[in-house]
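One structure is given below, encoded as structure tokens.
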């Protein structure tokens, strides 16, 4: 236990000091931390799903508070919570399925109902949520047993738990944890392979002799472009990206991999956009309404693209899908970094003199990191599950997250 | 000599062999500045624990060292060492992963030199180390500087130190940097970056820097900078410590050690510089730099060491529009106005119609209504009652400012001071509960020179703060009477008298911006001095400058003449009164005076009349009525004399004007009688006779 806690603390400190950068790295580290946390978490005999959820929420809250700007942390925590709920539900339904024949006339029902009000409550909630959730294509196909079992669970949630109290309790305890960890492993796998998954779709989107514009540096975008290159498609890429000039690094790397690359300045985007066939960019986070939080300057590019009817494609791994809306007060839209990226301090030190005049400087430098691109400017999202319309985002999010977890904050343990 | 390549930037080496010799990167942090610029605050709390934008200074330094990959930090505490150690214990700095913090305590060190000698005796430093003070704010990465330092060391054993410098232009008027330090001159070899000359106490008034001739002979090229700022971050080899031990008279890091090495070429030790460009580094040296660095932090130059990132134990605040940071649980009145670049700590409440701008407000403060706060640093748990006005002040923990009090620019209120109702604290004054030590080293230099008396006193204060407080409580009753008069009714505290330098030096290092008139004065002085030096140098001033001067002179002469003339006439007249000289003779004398001073008869009339009125005034009188009688008698007696000069209407007008002037300026008594006397003069004198 102390081992995990020190791990958590170390990670929290790293997040606080902004030592971990990039949503993919953060997401991966977060989910790995949560996996070790869950595996070491000792669960009570009864009501374990709720206990586990509470514990994960407690950790998740800390992690989110450590760096509220990095939305990937919150996304991953919510995914894990969702996984726990799903696994609990499937275990319960399995138990019900097994019990429905044998234990129909069981008397323990009345006795145990009082002992486990919490679990039955969650089970009811889960079922209710399942019932309420708009039937997406996937849920319709996959969740047939769940939705069918939902009414059963509501009446016999305590029942199933009561049964397991005897002999097979241990196995169930272990089973839940085991299943959860298995599912979390899948999530890790998913996050680490999301580049390849996205890059596989490159051929469908990039055609021969096309001109592509991108901005800033995104690993996803680079993999995507390189995948297209491997398929013997020839095209040209424009890159740039003030003030951090990550575009320069990207240009270097692309050129090293044999891609024809042109570097233009941010301010010349509008002038060049008419020659561009497609804009492909990465994102910091994708919000529930289909809006994108992206490196600064992208809104301008998106507007220019719309003016010239150039498709604006956003690549995003599923860990970037955020179930929150951009108007949510919890979403800290921006972070201001050091102005030294824009100006050399020494050069301007005489303008920044506070010693004379009114005591407030005449020169002030602001260096925001992110931009918000509204959904109507985005033509297509490419995630590892395929291409989606911005208006479809909320459905995807409904698949990945449970509505109860949108606010990760420990209330009373209910 | 050890760990040449392996510990590059604190990263592990590749080879196992090098791994063996790898020494963790060490740092020495001096948690004592060995200076008195922050008095009286530092009498009660060590400088490194003073809050800088609501986090103790030492947190900034430690957080930076930790993120720069330093693995072992030795914190050297001297003054208030117990407080520093207590703080480090309570704030969990001792149980950080990948970082070991050790404290070294000393009671009798009086300078950085003593501290380093003590550390040398302990034999804890095994390789290259970083030497900083506990008031450094930086976000620079040490990797590059360390790499350069190590490479130089491999080639040349004598490269003992690398100094970190940064570009920063000094003000052309005040000759001080934006951090309030003196203009610094450095000569650096542009190729090797070797430091050849270092002078921070130049007599800027003369505008002369003298370099050793040998410098120019020995080096093919030299670049002389005055736009570099010394960050006081040094990467040192272990030899530095032994050098301090060998030269037991080295006290100050720069003034003695650096200059000593530069001058002494027998040993051949060299100092190099490393210039940083994009990252930030500065040291809180005085109140001015406290102000400047606070504002730099608020403007995020020190990212990620900013208030809305929890770099260590500080409360999270949220960045809002216009660069205002606010903690989540601030009680803010709807009508209060929070201006730009303001930080407000948690648990603070602010009343109606209060305005706060360009300021830092700490935790748990209570600020009343209609208060105006501009450019102030208000620490924790301060109470400010309604209607106070604060401008460019530092207000320490637990201060109470009663309603209607005013703090003028540059005021420093030390811990728990109470300012009385409606009291106006004069500009640049420092108020403390402790009385100003009688024998105080006003000059920094002195402190280094005699290390016994002045510092023993500080040590005794610092060692027994509890005792002192007790003493104070008992003394308070009698001292309160005295204190009350010092800081207003119901106030507690002593106003420290300004040090010998007077106001002239006060504004240089204060938190308040430099007042306009000071700047103007300096400019004037500078040009004056330039002229003087020009004259000394027998260089003719350019003709353009000469002309206006001569004009001014003649103007002044004219004024002087008329004053002299008036005095002469008055003397003559008085003589005539006392010695009964005949009127004709008086006229003769006045006329000759008029000729010699080359003035008109109008002036004579004015001067004579003035003399008469003065006489009437000087004659003893009880009431205004008597004064009128005096005037009447004097004028009737000397009417002939006056009449001689009042030949035309112009002279009469002149007399009336003269009288008006007298009423306004010289003899206020006449002003009440103006109408009466004028009437008398006008009708009684001029037309009757």
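The values are calculated or read from the model by the stated rules, or taken from the named source; none is laboratory data. None of these values were measured; they are calculated from a predicted model. A quick note on method: Cβ atoms are made from the backbone with ideal geometry, for glycine too, and the neighbour counts reach across all protein chains shown.
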Quiz item: Hey, residue B:172 hits all of (1) more than 14 Å from chain A (Cβ to nearest Cβ); (2) more than 24 Å from residue B:256 (Cα to Cα) but one; which does it fall short on?
Solution: (1)
Practice problem: State whether the residues of segment B:366-381 include one that is facing chain A (nearest Cβ under 9 Å), in contact with a strand residue (DSSP E or B) (Cβ under 6 Å, 6 or more places away or on another chain) and at positive phi. | Solution: no
Practice problem: Look at segment B:364-375 and say how many of its residues are buried (at least 23 other Cβ atoms within 10 Å of the Cβ) and either at pLDDT 90 or above or touching a helix residue (DSSP H, G or I) at 6+ places or on another chain (Cβ under 6 Å) (or both). | Solution: 4
Self-check item: Hits in segment A:3-19 (condition: crowded, with 18+ Cβ neighbours inside 10 Å and not in a helix (DSSP H, G or I))
Solution: A:17, A:18
Quiz item: So how many residues does segment A:199-221 have that are buried (at least 21 other Cβ atoms within 10 Å of the Cβ), in a helix (DSSP H, G or I) and over 15 Å from the mean Cα position of the chain (by Cα)?
Solution: 3
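Tell me, yes or no, whether segment A:279-291 has at least one residue that is within 30 Å of residue B:140 (Cβ to Cβ), within 27 Å of the chain's Cα centre (by Cα) and at pLDDT below 85. Break it down into steps so the answer makes sense when it comes.
Keep residues of segment A:279-291 that are within 30 Å of residue B:140 (Cβ to Cβ), which gives A:282, A:284.
Filter again for within 27 Å of the chain's Cα centre (by Cα), leaving A:282, A:284.
Now drop any that are not at pLDDT below 85, which leaves none.
No, segment A:279-291 contains no residue that is within 30 Å of residue B:140 (Cβ to Cβ), within 27 Å of the chain's Cα centre (by Cα) and at pLDDT below 85.
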Exercise. List every residue pair whose Cβ atoms lie under 6 Å apart, where the two residues are 6 or more positions apart in sequence or sit on different chains, the first residue falls within segment B:497-524 and is within 9 Å of another protein chain (Cβ to nearest Cβ), and the second residue, located anywhere, is at pLDDT 70 or above and in a loop (DSSP other than H, G, I, E, B).
Key: B:511/B:392; B:512/B:392; B:512/B:409; B:512/B:410; B:519/B:173
Quiz item: If residue B:175 passes every condition in (1) in contact with a helix residue (DSSP H, G or I) (Cβ under 7 Å, 6 or more places away or on another chain); (2) on the phi > 0 side of the Ramachandran plot but one, which one does it miss?
Solution: (1)
Quiz prompt | The lone exception for residue B:361 - which of (1) more than 14 Å from chain A (Cβ to nearest Cβ); (2) surrounded by 24 or more Cβ atoms within 10 Å (Cβ to Cβ); (3) in contact (Cβ under 8 Å) with a residue 40 or more places away in the chain it fails | solution = (3)
Quiz item: Filtering segment B:387-403 down to residues that are within 18 Å of the chain's Cα centre (by Cα) and in a strand (DSSP E or B), which residue is nearest to the other protein chains (Cβ to nearest Cβ)?
Solution: B:391
Exercise. Considering only segment B:174-193, state which residues are surrounded by fewer than 19 Cβ atoms within 10 Å (Cβ to Cβ), part of a loop (DSSP other than H, G, I, E, B) and in contact with a strand residue (DSSP E or B) (Cβ under 9 Å, 6 or more places away or on another chain).
Key: B:175, B:190, B:192, B:193
Quiz item: Residues of segment B:90-144 being within 14 Å of chain A (Cβ to nearest Cβ), at pLDDT below 90 and either over 30 Å from residue A:7 (Cβ atoms) or part of a helix (DSSP H, G or I) (or both), which ones?
Solution: B:93, B:95
